[in-house]
Every structure is written in structure tokens, then in C-alpha cells.
Amino acid sequence: MQSAERPISPHMGIYSWQVTNGLSILHRLTGLALTLGLLVFVCWLVALASGADAYADVYAFYASPWFKLPLAGWAFCFFYHLANGIRHLFWDVGLGFSHAQIRAGGWTVVIAAVVATVVFSLVVII
């Protein structure tokens, strides 16, 4: 029996690496990280609803110096996911599909997320 020559599924061995590939993967990863951050936020809310002693314990844990790095990471995830979501809204209405606009929009999202994270970290976390 002769095997049919079928096209292979596209994968990283076929496509060359582009900014959009990395941004798409980063969007998914930041979404996963935000899920973990949501669990941390829910723990804070439960402690808040549980009374002053429970809240003081959780606040002391969250305010510890070593916990500031994960908070900054979650801030970056939030700002990146937000900015990239806005970029996708522009795409949904048919704007920004030229190669130059896609590349510029991608870098704009990354730069906006980094700047927003730095400002947020300086104002809120530190």
C-alpha cells in the first residue's frame, strides 16, 4: 500500500521566528500567570472578610520584601495582557494589519507594559 504525500502541519521548524510568535506565546503565558495572581488576590479578599487578625497575617506576608518581585511580575502580566488585548481589539475592527503596523504595534505593547510596570512598581509596590 502506497502512503499518500500529505502536507505536514505548520510548526516552528517551518515558520521563521517573528515578533508576533513571541508576543502570542507571551500573551498566553501572562494569562496563565494572571490566573495564579487571581488566587493570591482571592486569598487577600478572604483574609479581608475573615477579620483583622487574618488580614494582618496575610498583609504581613504580602508586604514582605521577597513578595515584591512576584507582585511586580503580576503587574507586568496585567499590563501586557491589557495592552495586547487592546491591540487585538484594533485588529477585530480591521486596523493595523500591514507588516510594519503589526511589528510597531507589538513593540508598542511591550514598551507600554514595561513602562506601566515600572511606574506602578515605583508608586505602589516600593
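Yes or no: ALA104 within 30 Å of LEU69 (Cβ to Cβ) and either in contact with a Ser or Thr (Cβ under 9 Å, 6 or more places away or on another chain) or surrounded by 13 or more Cβ atoms within 10 Å (Cβ to Cβ) (or both)? No; evaluated as a whole, the condition is false for this residue. Restricting attention to the range 51-65 and to residues that are over 21 Å from ALA116 (Cα atoms) and among the hydrophobic types (A, V, I, L, M, F, W, C), the residue that is surrounded by the most Cβ atoms within 10 Å (Cβ to Cβ) turns out to be VAL58. If you check GLY51, GLY22 for being free of Cβ contacts under 8 Å to residues at least 24 places away in the same chain, out of contact with any strand residue (DSSP E or B) (no Cβ under 6 Å at 6 or more places or on another chain) and under 19 Å from ASN84 (Cα atoms), only one passes: GLY22. Take ALA33 and decide whether it is under 15 Å from VAL124 (Cβ atoms), in a helix (DSSP H, G or I), modelled with pLDDT of 95 or more and small (Gly, Ala, Ser). Taking the combined requirement at face value, the residue does not satisfy it. Cβ-Cβ distances below 9 Å connect the following pairs, each with a first residue in the range 97-126 that is touching a residue at least 24 places away in the same chain (Cβ under 8 Å) and farther than 16 Å from GLY22 by Cα, a second residue that is surrounded by 12 or more Cβ atoms within 10 Å (Cβ to Cβ) and basic (Lys, Arg), and a separation of six or more residues or different chains: SER121/LYS68; ILE125/LYS68; ILE126/LYS68.
The values are calculated or read from the model by the stated rules, or taken from the named source; none is laboratory data. Values in this document were obtained by computation on a predicted structure and should not be read as measured data. Methodologically, a virtual Cβ is constructed for each residue, glycine included, from the backbone with ideal geometry; neighbour enumeration extends over all protein chains shown.
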